[in-house]
Structures are given as C-alpha cells and as structure tokens.
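Engineer: Got a structure for you, written out below as structure tokens; questions coming shortly.
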Amino acid sequence: MKITGQKPGINTDSYVKKVDTKGHGKQAGSREVYEKDMVDISQRARELNRIKRMLETVPEVRWEMVERIKGDIEHGNYRVNPNKVAEKMLERAIRNALHPKK
C-alpha cells in the first residue's frame, strides 16, 4: 500500500467528465472556457419581485393604528358602524360560499 497523503476518494477529478456547450465530454481539469448560463426573467416576475420587496418593508401590525384605536376606546370615542360590519360579514360569507377553502 502506497501512502500519498491524499484521502481516498477525494481525487476523483480524472474520472469526472464535463460536457461543453457542443455536448462533447471533456476531462475535468481541462482549460477550456465554457459559456456562462443565462437566465431571462419576465417583466411580470420582475414586477412581482419588486412588490414582494416592498411588502417586506411593511410591518405585519400597524402599531400607530393600534395605538390610535386603543386611545379612542379608552376615551369612549371609538364607534362601530353596524351597517359596515354587517356588509363585511355578508361579503365574506358569500365569498366563502363561492370559493370554499380546500
């Protein structure tokens, strides 16, 4: 047994073949330059990515609104519009009936 200082199985480059852009196999370690991969992202995907980044800056809880409503409740100034509540309840019931969650 010959001891070379290399770990077994690590130096496998000579057994690995790479494929160039024409589909021909090349031995690993060759000096041939390969073309770079290209990715084309659609305008819609770019727009969605931009919107996602914008949404990440918006906090989940709008604390200034929470504090304002808390203050209104504490001072007796918070008023609930029962018609608006009923309207939203009906909208949600209709939406859930037409598009049930799976």
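The values are calculated or read from the model by the stated rules, or taken from the named source; none is laboratory data. For clarity, every value in this text was computed on a predicted model and none was experimentally measured. Please note: Cβ atoms are built from the backbone with ideal geometry, for glycine as well, and neighbour counts cover all protein chains shown.
Engineer: Only residues that are surrounded by 10 or more Cβ atoms within 10 Å (Cβ to Cβ) and acidic (Asp, Glu): list them for segment 37-69, please.
Structural biologist: Within segment 37-69, 47, 67 meet the criteria.
Engineer: Applying the selection to segment 77-101, what residues are farther than 30 Å from residue 67 by Cβ and part of a helix (DSSP H, G or I)?
Structural biologist: Across segment 77-101, the qualifying residues are 90, 93, 94, 95, 96, 97, 98.
Engineer: Report, by residue number, each residue of segment 70-102 that is among the acidic types (Asp, Glu) and either in contact (Cβ under 8 Å) with a residue 40 or more places away in the chain or loosely packed, with under 10 Cβ neighbours inside 10 Å (or both).
Structural biologist: Correct list: 74 only.
Engineer: How many residues, within segment 64-88, are within 36 Å of the chain's Cα centre (by Cα) and among the polar types (S, T, N, Q)?
Structural biologist: Summing the residues that are within 36 Å of the chain's Cα centre (by Cα) and among the polar types (S, T, N, Q) in segment 64-88 gives 0.
Engineer: Name the single residue, out of those in segment 29-63 being outside any helix (DSSP H, G or I) and of a type in the set (A, V, I, L, M, F, W, C), that is modelled with the highest pLDDT.
Structural biologist: 61
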